[in-house]
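Comments concern the structure below.
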Amino acid sequence: MKAIHWRRSPLGKYLRHLPRAKHVRGTWLHRRLGDRLFRSELWHPTRRRFAGGMAVGSFFALMPAPFQMLAAGLIAYFTRVNVPAAIAATWISNPLTFPICVYAQYRMGCLILGHGPSEVPTHDLVALLKQAPLPFLVGVFPTAAIFSIIVYPLTLLLWDLFTARSRARRTLRELASQSERGTQAVASEKYKPPGEISGL
């Protein structure tokens, strides 16, 4: 699906805020990586490249490190997947979902290490990480990898559903347009003057 179709879709009001090639043209990234950074497959969403970008971004979303968007964009560039999707997916981790992500990583670390969870109340994440930082650190990479693996096929499925829905709507609009034109043609024939109908 071409980029212009995305901007005209119901998701367009959100997708238009994603970084585009013109936003990085002339920056230090452009000077460092060259014009290869602007190849169309990196910026125009296609099914597999978009899913790959979402997987890359979701992985870095669960990395407790700064510059998540920059790291996701660079890995997307080197793996030849969709750069805007990778950058956008890093926002899966945000102030609302951050506590859930941290606790999931902590529990994953406890499972790997064979430890029971700490007795610190789960709503006090700062105290939890201060008392037991090792389970959290151990659980970061496996949790991010598993989440990324789940996001890839899920994105493919949502892409197919969205595409099928868009095609169905377009088909209905075309049928409605054809039906309207047929109705107008019949009406014009019906109300022609008698002289025109007989050819006189």
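Remark: relative contact order (the stretch 46-169) = 31 percent; criterion is Cα-Cα distance under 8 angstrom and separation of 6 or more residues. When each of His44, His115 is scored by the number of other beta-carbon atoms lying within 10 Å, the sequence from fewest to most is His115, His44. Prolate is the label for the stretch 46-169, because the ratio a/c of its alpha-carbon gyration tensor axes (a ≥ b ≥ c) is 1.5 or higher and a/b is greater than b/c. When the charge dipole of the stretch 46-169 is built from unit charges on Cβ atoms (+1 for Lys and Arg, -1 for Asp and Glu) and taken about the Cα centre, the candidate among Ile87, Thr163, Tyr106 whose Cα reaches farthest toward its positive end is Thr163. For Phe136, neighbours were defined as the other residues whose beta-carbon sits under 11 Å from its Cβ, and their charges (Lys and Arg +1, Asp and Glu -1) total +2. The phi torsions of the stretch 48-63, fed into the Karplus equation with coefficients 6.51, -1.76 and 1.60 and a -60° offset, translate into couplings of 6, 5, 5, 5, x, x, 5, 5, 4, x, 5, 5, 6, 4, 9, 8 Hz, rounded to whole numbers, with Gly and Pro shown as x.
No value in this document is a laboratory result; all are computed from the given coordinates. The shown structure was predicted, so the numbers you read here are calculated from the model rather than taken from an experiment. Note that we place each Cβ from the backbone using ideal geometry, even for glycine, and neighbour counts take in every protein chain shown.
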